[in-house]
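Colleague: Encoded as structure tokens, here's the structure I'll be asking about.
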Amino acid sequence: MSGPTRLLGCALAVATLAACASGVADPAPPAAPPAVTTTPAPSKPPKPVKPVTTDRGRQSPGVVAGGAEAPYNYAPSLMVDGGRYRMWWCSQLRFAEPGGDDVLYADSSSLDGGFAGPDGSPGLAVLSGSTHGWDSVHTCDPSVLKVGGTYYMYYTGAPGDVPFGSLVGVATSTDGIHWTRAAGGNPILGPANDIIRDNHYGSGQPSALYVDGWFYLLFTDTTAKAAGWNGAGQFVLRAQDPTFAGHVESLGASGWEKVADTRKPRTRAVVDAFSADWMYVDALRAFAIAHSTDAGTTLTFWNHDFTAQPLPPVHVPGPWREGPGLVRTPEGHALVSVEDPCGRLSVDVVRATVVGGAGAPTDLGHFGLDLVNVPGCRTKAQAAVLNGFAVPSPENIVDLIVDGGVVRVERRSVADRLATRVLDQRPDIVDELPVVGRVPAGVKAVRAPNGQTGLLVDGKLWRVGPEDVAKLNSSPVTPVTQRQWDTFDHAGNLNR
């Protein structure tokens with residue numbers, strides 16, 4: 001079941017917002033003596049704004065994945081999970097029943113090849129047609145999340161080549177390989193039927209992510225009111241229930257609206273495209289939507305409320321023949337750069353690159369680049385990406401960022417051991433975070449029966465993991481019972 005004909009994307013204009021306010025001085029009381037004029041302290045000059053650019057363009061040397069003897073391979077969904085790249089995609093295996101589209105799975109230690117299923121095959125069929133009902137023949141376009149200990153696969157299903165027969169379903173798994181249809185095996189999303197166009201696809205091509213307790217779903221609906229003349233357009237729903245069974249909100253022309261069900265008329269498309277994928281960029285508190293255009297894969301950015309675009313469109317060049325799959329975290333977020341968590345964003349996609357002998361997209365390849373000078377970490381919410389990093393301190397020590405606060409660590413060797421990385425530059429936003437603790441050298445340490453160690457500072461216990469951290473801090477270690485460990489006032493966990 002190949003996707004609908006694509007619509008060539010258009011570059012979206014980037015709105016630059018500016019604001020200014022004039023100052024107003026109160027008049028001096030008539031009887032007051034002349035005011036003493038003082039020279040205000042010079043304010044800190046603003047840092048020059050650097051333009052967002054790209055570097056480190058990359059491309060796999062060849063095909064990275066595909067099902068054995070499969071006539072097509074496209075619409076991948078990828079996540080970094082357990083130190084490996086895990087990928088699910090749409091294909092068709094001749095020996096998988098009932099003979100329609102199948103969702104295949106494989107993983108690898110590299111994006112540039114070596115993908116294999118758990119049975120050693122190029123791709124293992126993990127979800128196929130149910131043989132009855134709405135998804136009896138086709139299962140395609142997977143989008144996989146992992147929230148807590150549960151994997152969720154949102155997918156397109158259809159009973160065959162039926163007009164407007166494409167619907168969206170969801171399945172769950174504990175390992176990403178063995179799947180059970182959720183929502184009672186029923187679809188969770190269908191076409192709105194706002195306008196019947198010549199494109200009879202229906203609704204499908206879902207892409208899901210999880211942000212702040214909400215499941216967000218991006219999808220195609222060729223019958224939506226705001227779709228293009230050919231049915232192109234990406235629409236957004238969100239719900240706190242992964243099956244979208246209740247408390248659903250729809251993104252409309254006026255923002256988020258509560259809707260009784262998922263078929264509320266669809267009045268706003270966030271991009272003019274088919275078969276898109278997206279991820280949430282925490283350093284910007286923004287969504288990045290990847291869709292196909294003449295330039296390759298184009299990323300369109302929307303802020304958290306879908307009211308402004310924080311970055312201009314970015315293009316990942318190279319051949320393509322079907323929608324891209326972004327490399328994401330298990331919850332569908334962008335990977336955080338260890339080198340520069342606020343200002344560097346790595347964008348990697350896997351996409352079909354040719355039309356094969358069966359006349360369908362195939363030959364999955366990897367393409368990517370980095371965005372640099374990204375204006376991230378401008379607010380405390382965006383600065384959450386700094387959790388676990390350390391930065392230079394104004395006190396000539398090291399500041400370790402822990403759950404939105406700063407812990408001042410006297411010894412650099414201790415900070416090196418505790419932090420994801422000690423950054424060379426201190427982001428301005430760190431000055432706005434509260435100092436919640438200090439770790440002087442030589443403070444007492446205690447060790448629990450399970451080997452966990454903590455440093456005692458002003459009557460509070462900071463957990464630091466193994467005992468070697470205490471040794472680096474020159475802290476004498478005293479064994480304690482589990483009961484004693486539990487009775488300490490636990491300030492937090494410094495070990496990342």
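Colleague: What is the residue count in region 216-250 for residues that are in contact (Cβ under 8 Å) with a residue 60 or more places away in the chain and either over 20 Å from residue 157 (Cα atoms) or polar (S, T, N, Q) (or both)?
Modeller: The qualifying residues number 5.
Colleague: So which residues in region 299-331 are out of contact with any Phe, Trp or Tyr (no Cβ under 6 Å at 6 or more places or on another chain) and among the small types (Gly, Ala, Ser)?
Modeller: Matches in region 299-331: 308, 323, 325.
Colleague: Please go through region 451-496 and pick out each residue that is of a type in the set (A, V, I, L, M, F, W, C), assigned to a loop (DSSP other than H, G, I, E, B) and over 21 Å from residue 389 (Cα atoms).
Modeller: 480, 488
Colleague: Between a first residue in region 399-423 that is in contact (Cβ under 8 Å) with a residue 60 or more places away in the chain and in the same structural domain as residue 455 (by TED's automatic domain parsing) and a second residue that is aromatic (Phe, Trp, Tyr) and part of a strand (DSSP E or B), which pairs have beta carbons less than 8 Å apart while being 6 or more apart in sequence or on different chains?
Modeller: These pairs meet every condition: 407/462.
Colleague: Moving on. Just name the residue that is surrounded by the most Cβ atoms within 10 Å (Cβ to Cβ) out of those in region 242-282 that are under 26 Å from residue 184 (Cα atoms) and basic (Lys, Arg).
Modeller: Among them, the one singled out is 266.
Colleague: On to the next question. Across region 103-149, which residue is surrounded by the fewest Cβ atoms within 10 Å (Cβ to Cβ) among those that are among the polar types (S, T, N, Q) and either more than 30 Å from residue 201 (Cα to Cα) or touching a Pro at 6+ places or on another chain (Cβ under 8 Å) (or both)?
Modeller: Residue satisfying both the conditions and the ranking: 109.
Colleague: Filter region 222-236 for residues that are aromatic (Phe, Trp, Tyr) and not in a loop (DSSP other than H, G, I, E, B) and give the result.
Modeller: Within region 222-236, just 235 meets the criteria.
Colleague: Does region 435-445 contain at least one residue that is in a helix (DSSP H, G or I) and more than 22 Å from residue 391 (Cα to Cα)?
Modeller: Checking region 435-445: not a single residue is in a helix (DSSP H, G or I) and more than 22 Å from residue 391 (Cα to Cα).
Colleague: Going by what's in this entry, would residue 161 be described as of a type in the set (Asp, Glu), surrounded by fewer than 16 Cβ atoms within 10 Å (Cβ to Cβ) and not in a strand (DSSP E or B)?
Modeller: Here the answer is yes, as residue 161 does meet what is asked.
The values are calculated or read from the model by the stated rules, or taken from the named source; none is laboratory data. Quick caveat: nothing in here was measured; it's all calculated off a predicted structure. A quick note on method: Cβ atoms are made from the backbone with ideal geometry, for glycine too, and the neighbour counts reach across all protein chains shown.
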